[in-house]
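Engineer: Questions regarding the structure given below will be posed in turn.
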Amino acid sequence: MTTTTPERIVSDSGLPALLRNDPDAALRTPYGLAPGSGPLLDPATLRDQILPRWREGVDRQVKALVKRARSTLETLSGDALYSRLDDPLHRRAALIAELFRTHTVVKNAGRLDVRTLQQSLAGALEAGGPLRFEIAWGQVKRGLAGLKTAGPYADLAEALAIGRLTALMRAAGQLLDGEVRLTVLTGGTRFQDALLTRPEQLAAYDAQRQAVADALGASGTVVFGDFVAARTDADRTAWQEIYQRTLAATSDEEITARLHTVAFNVDWDTVLTQAADGAAPHGVALPDRLTAWLAGAPAERGPFLIRAATTCLVNPGLQQHWEQQLADTEDGEDLLEDAIDFFAHIAWEATRRYAAIHAADREAATGGTTGAGATTGTDTTTDAPSAGGEAAPARAIRLTVHEKRDRPAMPALAILGMRAPGLLPQHLAAHLADGGRTEVGTMAELHSQLPSALPVHLTDEAAAHPVFDWLAGTGQPLCLVSPDTDWQRSLALALDPEQG
């Protein structure tokens with residue numbers, strides 16, 4: 001019997017594997033990182049020392065990309081890779097295509113159909129105006145009771161990715177000596193029906209990432225816009241019809257293949273809050289026994305349930321570990337069983353809807369209901385409409401964060417570099433070592449590898465911080481550092497290409 005690997009439509013992390021191989025990690029990982037338990041970053045240091053060095057790091061990335069593209073194209077002859085290199089327009093298109101054959105930036109650089117990409121670029125350049133790219137990427141960070149991230153806000157992990165996107169677009173602009181623009185279509189609202197996310201968090205997260213891009217010198221070059229808002233009213237109506245049909249047709253096999261990953265992306269804090277108030281998220285009511293138990297200490301017991309139930313979905317063997325934590329609780333074993341059952345049913349429905357949203361987007365795009373939208377991937381691999389609710393600019397060049405085997409001319413970007421080519425920052429935190437070298441991983445993974453790492457929090461002077469002010473006064477750090485690291489120097493070097 002032949003087993004077919006399901007199409008990748010949602011990004012993962014190393015957390016599921018860690019929970020299977022090291023179950024104790026679920027118990028060891030701290031639930032939070034108290035401000036003051038590590039270094040504090042003040043506004044003046046961020047403004048005068050960190051941000052200028054980050055912009056210098058982006059400049060060096062740009063310089064390296066431009067130099068490589070120019071020197072490589074100069075050595076090419078004939079039509080081995082590109083066509084019509086004697087024509088100025090097609091040569092300029094080939095020069096931009098060369099950017100995407102950079103192995104440290106593009107995951108499928110060695111497999112990329114650059115001749116077709118060159119033709120798409122030539123068409124876009126011939127149409128006039130700015131050269132436009134589109135990519136769909138990003139949802140609000142999911143904490144998963146401290147196992148995935150330390151909070152829902154944009155942090156150093158996002159800055160690393162935005163720095164790479166900024167460098168790539170600025171390099172294209174230098175090669176063309178013209179205007180280049182990348183629209184990042186964000187996926188939070190897109191998957192709201194599945195993941196039960198909070199609208200206010202989605203809007204805040206997009207605004208935070210735009211602020212980071214602007215601080216890195218990408219104002220007007222890298223622009224964030226909502227995926228769903230880009231659809232016209234007619235598109236939304238047609239899409240809803242397709243969605244309801246695909247929802248009914250989603251198979252159990254499709255759901256099972258993605259259940260664990262999607263379960264780690266649901267906004268469980270909202271689920272528990274709504275359920276405790278008598279709602280039934282995804283049609284699943286909270287058992288009375290759990291309702292009463294949560295009411296006794298919701299701030300403490302909610303995160304416990306999230307961590308216990310979700311980790312048991314991935315590794316049922318963890319159930320004994322969590323039962324021991326409830327040994328002194330009346331009906332503790334039954335409470336855990338109720339929680340696992342509640343979470344499992346919601347996760348199943350969330351996954352069904354997530355898969356159906358993806359399928360509906362693809363069908364809508366190929367069927368022409370989303371206009372001239374761009375085929376990209378936001379935590380997924382589907383088709384995206386143009387931003388701003390307008391018709392897409394002529395021949396916007398499509399980029400993705402997940403490689404599409406059936407679209408070999410589409411560059412798949414490693415937005416966190418080739419040390420983490422398949423990972424996306426919304427699932428991760430960042431750890432700084434000496435010299436600016438950065439490691440990314442979930443909080444549980446980083447704690448397992450570096451239990452002595454310290455959080456870098458921003459001081460409480462929120463209004464004074466030039467960027468990342470949203471982290472001030474919260475429990476979410478900008479990043480983690482090793483105790484013996486010159487953390488300010490390492491933080492300043494984090495966007496230097498020599499470190500990534």
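The values are calculated or read from the model by the stated rules, or taken from the named source; none is laboratory data. Because the structure is predicted, anything quoted here is derived from the model rather than measured. Cβ sites come from the backbone with ideal geometry, for glycine too, and all protein chains shown count toward neighbours. The protein model used for the area step is the full one, side chains on, heavy atoms only, and it has no ligands, DNA or RNA in it. Shrake-Rupley method; radii C 1.70, N 1.55, O 1.52, S 1.80 Å.
Engineer: Give the peptides 14-21, 90-97 in descending order of average Cβ contacts within 10 Å, highest first.
Structural biologist: My ranking of the peptides, most packed first, is 90-97, 14-21.
Engineer: Normalise the Cα radius of gyration of segment 77-164 by 2.2 N^0.38 Å (N = residues in it) and let me know the number.
Structural biologist: 1.51
Engineer: Turning to a different aspect of this structure: If one computes P(r) from the Cα atoms of the chain, what percent of pairs lie at distances over 36 Å?
Structural biologist: 32
Engineer: Helix 156-176 against the longest principal axis of the chain: what's the angle in degrees, Cα atoms only, rounded to the nearest 10?
Structural biologist: 10
Engineer: Around Lys107, which amide H atoms from residues at least 5 apart in sequence, or from another chain, sit under 5 Å from its own amide H, with H modelled in the peptide plane?
Structural biologist: Answer set, sorted by chain and number: Ala412, Leu413, Ala414.
Engineer: Then there is this: For segment 19-97, what class follows from the C-alpha gyration tensor (a ≥ b ≥ c being the square roots of its eigenvalues): rounded when a/c is under 1.5, otherwise prolate if a/b is larger than b/c, else oblate?
Structural biologist: oblate
Engineer: What Rg and what Dmax come out for segment 260-352 when only alpha-carbon atoms are used, in angstroms?
Structural biologist: 12.2, 37
Engineer: Of Ser448, Ser219, which has the most accessible area and how do the rest follow, probe 1.4 Å?
Structural biologist: The most accessible residue leads, giving Ser219, Ser448.
Engineer: Moving on to the next point. Could you give me the ³J(HN,Hα) list for segment 212-219, computed from phi with Karplus coefficients 6.51, -1.76, 1.60 and θ = phi - 60°, whole Hz, x at Gly and Pro?
Structural biologist: Coupling constants for segment 212-219: 5, 4, 5, 5, 8, x, 9, 4 Hz.
Engineer: Would you please give the FRET efficiency between Met418 and Asp331, computed as 1/(1 + (r/R0)^6) with r the Cβ-Cβ distance and R0 = 41 Å, to the nearest 0.05?
Structural biologist: 0.25
Engineer: Here's another thing I want to ask about it. At R0 = 35 Å, how high is the FRET efficiency between Gln240 and Ser219 if r is their beta carbon distance? Nearest 0.05 is fine.
Structural biologist: 0.50
Engineer: Need one number: nm distance between label points at Thr366 and His103, each 7 Å from Cα along Cα→Cβ, rounded to one decimal.
Structural biologist: 3.3
Engineer: Counting only pairs 8 or more residues apart or on different chains, how many lysine pairs in the chain have their Cα atoms under 25 Å apart?
Structural biologist: Lysine pairs meeting the criterion: 6.
Engineer: I've got another one for you. How high is the FRET efficiency from Asp79 to Glu498, r the C-beta distance, R0 45 Å, rounded to 0.05?
Structural biologist: Computed FRET efficiency for Asp79 and Glu498 comes out at 0.80.
Engineer: What is the distance in Å between the Cα centres of segment 431-500 and segment 162-193?
Structural biologist: That distance is 24 Å.
Engineer: Sort 64-75, 173-184, 434-445 for me by packing, meaning the mean count of neighbouring Cβ atoms within 10 Å per residue, highest on top.
Structural biologist: Packing proxy ranking, top to bottom: 434-445, 173-184, 64-75.
Engineer: Per-residue ellipticity at 222 nm for the chain, helices alone: DSSP H runs ≥ 4 residues times -39500 (n - 2.57), over residue total, nearest 500 deg cm²/dmol?
Structural biologist: -14000 deg cm²/dmol
Engineer: Extension gain Asp87-Asp406, at 0.36 nm per residue separation less the Cα-Cα distance, in nm?
Structural biologist: 111.9 nm
Engineer: Round to a whole angstrom and tell me the spacing of the C-alpha centers of segment 82-140 and segment 15-40.
Structural biologist: After rounding, the separation between the Cα centres reads 41 Å.
Engineer: Net charge near Thr246, counting Lys/Arg +1 and Asp/Glu -1 over other residues with Cβ under 13 Å of its Cβ?
Structural biologist: Its environment carries a net charge of -1.
Engineer: Would you grab the residues whose amide H sits under 5 Å from the one on Leu41? Only those 5+ places off in sequence or on another chain, please, with H modelled 1.01 Å from N.
Structural biologist: His457, Leu458, Thr459
Engineer: A further question on this structure: Using a 7 Å offset from the Cα along the Cα-to-Cβ direction at both Asp486 and Thr273, what is the distance between the two label points in nm, to one decimal?
Structural biologist: About 4.3 nm, to one decimal.
Engineer: How much net charge surrounds Ala464 when only the other residues with a Cβ under 13 Å from the Cβ of Ala464 are counted, with Lys and Arg +1 and Asp and Glu -1?
Structural biologist: -4
Engineer: I need the peptides 238-250, 329-341 ranked by packing, meaning the mean over residues of other C-beta atoms within 10 angstrom, with the highest value on top.
Structural biologist: 329-341, 238-250
Engineer: So how do Lys148, Lys63, Lys107 rank on accessible area, 1.4 Å probe, biggest first, that is with the largest at the start?
Structural biologist: Highest to lowest solvent-accessible surface, that is Lys63, Lys107, Lys148.
Engineer: Follow-up question, since we're still on this one. Pairing the Cα long axis of helix 298-314 with the longest principal axis of the chain, what angle in degrees results, from 0 to 90 and rounded to the nearest 10?
Structural biologist: 70
Engineer: Something else now. Relative to the longest principal axis of the chain, what angle (0 to 90°, nearest 10) does the C-alpha long axis of helix 233-249 take?
Structural biologist: 50
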